[in-house]
Amino acid sequence: MSSSLSFLGTTASPFHRHNSRHPQKAARAPTHFSPSASGTNATNTSANDNGDKESILRLDRRNVLLGTLGGLYGAAALGRENMAVASPMLPPDLSKCKTANAGSTTEPLWVECCPPYTDNSKIVDYKFPTSSTPLRVRKPAHKLNAEDLAKYKEAYRLMRALDKEDPWSLEQQAKVHCQYCNGAYDQLGFNVPVQVHFNWIFLPWHRYYIHFHERILGKLIGDETLALPFWNWDSPEGMTIPPIYLQEGSLKDELRNPANLSKVLDYQYNPEVPTTLTDDEIRVKNLYEMNKTYKESLPLPELFLGDAIRAGEEPDSDKTMGRIESIHNAAHQFVGLPDAPNRDMGNFYSSGYDPLFYSHHSNVDRMWHIYRQMRGNKVDFNDNDWLDASFVFYDENKQLVRVKVRDCLNPQKLRYTFEDVELPWADRNIKKKAGKTKSGAKPRSRVSMVQVSEFGPDPRPLDSTIRALVQRPKKSRTKSEKEDEVEVLVINGIEIPHNGRVTFEVYVAAPYEGNFVGPDLGESAGNFMKLPHFHIRNKGDSEKKKFSLKLGISHLLEEINAEGAEKVVVSLVPIVGDVSIGGVHIDLIKADWIA
Ligand code: C2O
């Protein structure tokens with residue numbers, strides 16, 4: 001057994017709450033954390049792959065839940081008016097590509113990123129590689145051996161040398177990303193832009209995007225085993241830009257922030273706010289942040305992957321991006337130039353010009369893979385509007401192919417896997433290492449306490465810290481109640497008038513007597529971080545972008561000993577950008593852990 005496997009074995013428990021009411025969960029515990037077991041057995045789209053007995057248990061439980069919560073949960077999960085007409089997002093009409101906008105409302109930046117192919121009739125269903133083709137093994141970029149490095153560099157050298165109109169060229173590969181996030185396409189049949197960020201499409205779309213990119217790189221050097229290394233930013237040694245991207249040659253990109261080339265990536269990185277932390281402090285803080293991300297979002301995939309988007313829905317209609325996407329945004333900002341338009345990595349339209357982008361996404365993809373393993377490869381959303389969402393890519397056989405989300409859940413089917421490396425963030429003692437929360441200590445006198453009131457019914461500009469008293473739907477929840485429903489802090493109506501980048505942080509504390517709270521902000525629940533992105537297509541149009549932010553707080557409340565509190569104090573701390581907040585509340589959302 002490899003060291004990382006046994007490491008995983010010992011860290012299963014922080015995320016896995018044993019409960020005798022649900023014996024099947026305890027029985028399945030080891031597979032949740034065993035990459036090798038789940039890596040080879042994953043059956044992707046079936047809801048689970050357990051024995052008959054367990055299925056029966058599960059079925060019973062589901063019936064009970066549907067009986068008692070059905071109406072409520074159905075409405076909450078599917079949401080909105082268009083529930084009746086909901087259907088999966090389809091690939092855009094390739095012949096209707098338009099000029100994209102990568103600028104801001106005040107300063108548009110029109111970019112031509114349409115592909116050289118426009119003929120929809122040439123699209124065929126993707127034929128997945130057969131199981132006899134080699135399994136590509138993606139390895140950590142900071143540890144790549146000389147042989148792999150040489151091949152990888154050669155592949156990019158050849159890709160860069162291709163004619164710019166060639167769909168395999170780095171130019172065209174980069175433009176694919178621009179097409180799908182800067183408004184070059186409308187959704188098929190709707191006057192609504194395609195957007196593969198800020199929603200549940202993010203992880204599967206990028207999985208396919210880099211899958212084809214990887215296969216094209218391999219084809220260029222005639223090597224079917226070529227695999228995209230991953231920028232292992234979830235491990236302390238991997239948190240700087242991997243040195244191979246700084247070497248002279250095809251992996252280097254000139255349009256990166258020179259100040260950060262050897263710095264440690266902070267998951268809360270913002271170019272306008274210099275950090276006061278040491279590198280080691282950043283590393284530990286990151287690990288703790290990752291730990292919380294998984295712990296709070298394992299029972300509820302929308303927290304990790306992002307909100308649903310269905311055919312015809314506006315991408316910026318108060319949706320929440322997944323926590324992993326938010327962390328991923330930090331790396332984009334960190335690598336890109338600090339000034340607008342933040343080329344290359346700092347702006348979606350230009351990210352794909354940097355080879356580091358694909359390695360960054362190789363790790364994002366890996367983080368999703370790990371998340372799925374920890375959930376026993378249970379399907380993330382058992383919802384055909386997700387599973388049947390489809391995309392078109394240009395593949396390594398010079399063919400336009402159609403793919404569906406349901407077919408990418410198991411990387412084995414795409415014939416790649418990840419080298420097994422340690423997950424230091426899964427360490428159950430990580431919080432201790434990150435330093436104890438200060439919110440537990442009661443201030444000495446009333447003098448240092450402040451009175452806090454509710455957020456109120458109207459939107460408020462976030463120009464200085466907002467502290468609001470928020471009612472919890474239920475206090476003193478029992479263990480089984482916590483397993484059934486996840487407590488989620490929702491910050492909605494986040495409005496960004498000028499489309500620039502925005503970051504704010506969210507803290508939760510328990511109030512002392514009544515409405516009083518100490519000066520300490522409490523425990524960090526997460527942050528909101530958005531890259532600039534734009535898709536106003538017509539000059540003079542104005543657009544209002546609205547987002548929301550959902551943060552799981554079940555574990556956090558336990559950690560700050562606030563489970564007994566009727567209300568909590570939520571603090572929103574502006575870091576960068578012009579933003580207003582619509583409201584703050586707490587929801588209980590049905591967990592999707594064992595159903
Ligand atoms: Cu499409 Cu890293 O973003």
**Prompt:** Once the Cα atoms of region 307-409 are picked out, what are the Rg and Dmax in Å?
**Reply:** 15.7, 43
**Item:** Protein accessible area in region 278-393, 1.4 Å probe - carbon and sulfur %
**Value:** 49 percent
**Message:** With every protein chain kept in place and ligands, DNA and RNA left out, what is the accessible area per residue of region 314-392? Probe 1.4 Å, answer in Å².
**Reply:** 15 Å²
**Prompt:** Per residue, how much accessible area does region 135-219 show when a 1.4 Å probe rolls over the protein heavy atoms, in square angstrom?
**Reply:** 30 Å²
**Request:** Counting only C-alpha contacts under 8 Å and six or more residues apart, can you give the relative contact order of region 348-431 as a whole percent?
**Result:** 16 percent
**Prompt:** Do any of Lys431/Lys590; Lys285/Lys404; Lys432/Lys475; Lys151/Lys285; Lys127/Lys378 go past 32 Å between their Cα atoms, and which?
**Reply:** Lys285/Lys404; Lys151/Lys285
**Gain in span if fully extended, Asn191 to Leu277, counting 0.36 nm per residue against the direct Cα distance** = 26.4 nm
**Request:** Can you figure out the FRET efficiency of Phe128 with Ser580, using R₀ = 30 Å and their beta-carbon distance, to the nearest 0.05?
**Result:** 0.05
**Asked** For region 225-283, what is the accessible area per residue in Å², given a 1.4 Å probe and the full set of protein chains?
**Response** 43 Å²
**Request:** Heavy atoms only, probe 1.4 Å: what % of the accessible area of region 86-198 goes to carbon and sulfur, would you let me know?
**Result:** 54 percent
**Message:** Compute the distance from the alpha-carbon center of region 241-287 to that of region 325-351, in whole Å.
**Reply:** 12 Å
**Prompt:** So, with a 1.4 angstrom probe, what is the percent of accessible area on region 547-595 that is carbon and sulfur?
**Reply:** 44 percent
**Fill in**
All alpha-carbon distances of region 136-197, grouped into 10 Å bins from 0, give the whole-percent distribution 19, 28, 31, 16, 5
**Prompt:** Given region 174-323, what whole percent of its Cα pairs are spread farther than 18 Å?
**Reply:** 71 percent
**Prompt:** Using a basic spin-label model with each label point 7 Å from the Cα along Cα→Cβ, how many nm lie between Asn429 and Ser262?
**Reply:** 3.2 nm
**Request:** Quantify how much of the Cα-Cα distance distribution of region 351-436 extends past 15 Å, in percent.
**Result:** 73 percent
**Asked** Could the peptides 157-167, 360-370, 135-145 be put in order, highest first, of the mean number of other beta-carbon atoms found within 10 Å of their residues?
**Response** 360-370, 135-145, 157-167
**Modelled FRET efficiency - R0 25 Å, Lys413 with Phe381, Cβ distances, 0.05 increments** = 0.90
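The values are calculated or read from the model by the stated rules, or taken from the named source; none is laboratory data. Predicted model only: the values in this text are computed from it and were never measured. Cβ: placed from backbone, ideal geometry, glycine included. Neighbour counts: every protein chain shown. Heavy atoms of the whole protein, side chains included, go into the accessibility calculation; ligands, DNA and RNA do not. Shrake-Rupley method; radii C 1.70, N 1.55, O 1.52, S 1.80 Å.
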